[in-house]
Every structure is written in C-alpha cells, then in structure tokens.
Amino acid sequence: MYWTEFLTVALVHLLAVASPGPDFAIVVRESVSSGRHAGIWTAIGVGSGILVHVSYCLLGIGLIVSQSIMLFNLLKWLAAAYLIYIGIRALRAKPADPLQAQQALDAVAVTARGAFVRGFVTNGLNPKATLFFLSLFTLVISPQTPLLVQAGYGAYLAVATAAWFCAVAMLFSHARVRNGFIRLGHWFDRMMGAVLVALGIKVALSELH
C-alpha cells in the first residue's frame, strides 16, 4: 500500500545523498587520512545522524524548527562552527615522516569512536539535512501514513546513507590512494580543510525559506 510512497522517498534520498556536501567531505577525509575502518565508522556515524532528523520529524519538533528562525540559526551556526573548526585543524597539517604516516594509517582501531562521532555530529548538525527531512516528511510523506511506517522509512534512510558512504569510504581508502596519502597527505589534508571551511561558511550563510 505504501510502496509508491517508499519508492519516492528512496529516489529523493538517493539524489540528495549523491550530492557532495559536508557528509561526503568528512567521509573522504577520514578514509584517506585514517584508513578504511575510520572511513567506515565515519560513514556509520553519518547514517546514525540521520536518525536524529527522523526522530524530531516524527515527534513534530521539526515543524517547530521550521517555523523558528532563532532555532534554525542556532543549528546552522553550530554546524558552521564545527565544520570550520575541523577545516582549520586540517589546514594546519604538516608533512609527516613516511614511517609515521604508515603507522598512523594502521592505528585505525584507536580512532574508531572519534571517527563515528565526527560523522554523527557533521550530519546531525547539518541544517541542509534538517531542511531536507522537513521537506520529506511534510511534502512527500502523507500525514495519514502510520508513524510505524514512517519510522520504517527513517530506518531505511539511515541504513541506505551509511551503506552509500561506506562505499565511498572503501573507494577512497583503496591501497593506491592510501599510498599517495603517505607522500602527499598534508597537501590533501589542507585541500580538504579548505573544502570544509568553505562548506562551513556556506552553511553559515544559508537561510530558512
């Protein structure tokens, strides 16, 4: 009965998740700088962050956020500050000794929790994700759709997002990319830092329509 609605939700989500943004940037950076496991944990964190947006939409809090410029501005400034903070840290990256760089790439277990948190916070504080889910749950998903079914949509969105970014993590943590990072890692870090700072500024300048 709800297959048509679900397929619409899945298609809209696919188009949105494939568009490069803060989530993509943070997964790529973690994958290249810290290896596959860190990238995958970051991807799982991003997918888990989806549950934050789904939860407040199901609870009706999303409607309050969409009507409150103050709350929206608070959210976007927190997100912007976080992205700019990570970006500035990356911009300060210095050349590393090849042996130390390889050891850092191998020490992924230590950074798993931090990678998850970075992915979770990046998505959870993303105001564009907020606007996307508000639109999804008000324009695409019918108010008559049972909450249990809507929760099922949300679970799918979280799993699909994590799966997509796990694929991204596996691609960018390929052996050749990692070996290139050992030689040029600080330049890549600086480039991704500039991207994150730019995304942070873009988020800060975003407006609630």
Within a 10 angstrom radius of the beta carbon, how do His13, His174, His53 rank from fewest other beta carbons to most? His174, His13, His53
On full extension of the chain, what length is gained from Trp3 through Ala194, given 0.36 nm per residue of separation minus the C-alpha to C-alpha distance? 64.6 nm
State, to one decimal in nm, how far the label point of Leu14 lies from the label point of Leu58, with both points 7 Å from Cα in the Cβ direction. 2.4
Nitroxide proxy distance, nm - points 7 Å out along Cα→Cβ at Ala175 and Arg89: 3.1
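No value in this document is a laboratory result; all are computed from the given coordinates. In this text the structure is predicted, and so the values were computed from the model without any measurement. Backbone-built Cβ (ideal geometry, glycine too); neighbour counts: all protein chains shown.
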